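Below is one structure; the comments refer to it alone.
The values are calculated or read from the model by the stated rules, or taken from the named source; none is laboratory data. Every value quoted in this text rests on a predicted model; they were computed, and no experiment measured them. Because the Cβ atoms are built from the backbone with ideal geometry, glycine has one as well, and the counts that use them run over all protein chains shown.
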Amino acid sequence: MAEVAEVLTMLVGRSATVAVAESLTGGLIGAAITSVSGSSKAFRGGVISYATDLKQELLGVPGELLRREGAVHPEVAAAMAAGVARLCGATYGLAVTGVAGPEPQDGKPVGTVYAAVCGPGGRIWGRELRLCGSRERIRVETVDEAVDLLSGVLKANIGEHSG
């Protein structure tokens, strides 16, 4: 798993920023990022859109998509990532949505998680996770996987920067 400090170093090195849209993690990704000294050089902020209606109202996730698929869907994660990047004026948006438990949601079993990154030009990268364990373990693993996804995107796009 990528370290948050490494991700921040990559962002700062290319004068890029990140914002987060969190659902099941309830702010854990933002907390992990801001625990690193100097994170303000790359972290713009975030939205905790725990309630489904906030995903639409704050992040611009299409209402039809939410009605058709529910909040736990890869397209919802992608729309959340794009929405938070736009809302916060960030180079990259990182989003997670899923089911931490104890009950299934929207017909999806506990441990179903989708993470997405929206980068320059609106390009989207996504990751589908099937996690096991307690509610807390699923939430912590989601943070690790989300940071790892962003790290992979940054490493694969070395030449990109915010301008």
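Of the conditions (1) part of a loop (DSSP other than H, G, I, E, B); (2) at pLDDT 95 or above, Ala77 satisfies every one except a single condition; which number is it?
(1)
Under the condition of being among the β-branched types (Val, Ile, Thr) and assigned to a helix (DSSP H, G or I), which residue from region 118-146 is surrounded by the fewest Cβ atoms within 10 Å (Cβ to Cβ)?
Val140
Take Val12 and decide whether it is over 17 Å from Leu87 (Cα atoms), β-branched (Val, Ile, Thr), free of Cβ contacts under 8 Å to residues at least 60 places away in the same chain and not in a loop (DSSP other than H, G, I, E, B).
Values: over 17 Å from Leu87 (Cα atoms): yes; β-branched (Val, Ile, Thr): yes; free of Cβ contacts under 8 Å to residues at least 60 places away in the same chain: yes; not in a loop (DSSP other than H, G, I, E, B): yes.
Answer is yes for this residue.
Given (1) of a type in the set (A, V, I, L, M); (2) within 21 Å of Ala32 (Cα to Cα); (3) modelled with pLDDT under 95, identify the lone condition not met by Ile158.
All conditions pass for Ile158, except number (2).
Given Leu94, Leu149, which one is in a helix (DSSP H, G or I), closer than 19 Å to Ile33 by Cβ and touching a residue at least 24 places away in the same chain (Cβ under 8 Å)?
Details: Leu94 fails: in a helix (DSSP H, G or I).
Sole residue among the options that is in a helix (DSSP H, G or I), closer than 19 Å to Ile33 by Cβ and touching a residue at least 24 places away in the same chain (Cβ under 8 Å): Leu149.
For the subset of region 39-74 comprising residues that are out of contact with any strand residue (DSSP E or B) (no Cβ under 7 Å at 6 or more places or on another chain), in a helix (DSSP H, G or I) and aliphatic (A, V, I, L, M), which member is nearest to Arg14 (Cα to Cα)?
Here the residue is Leu54.
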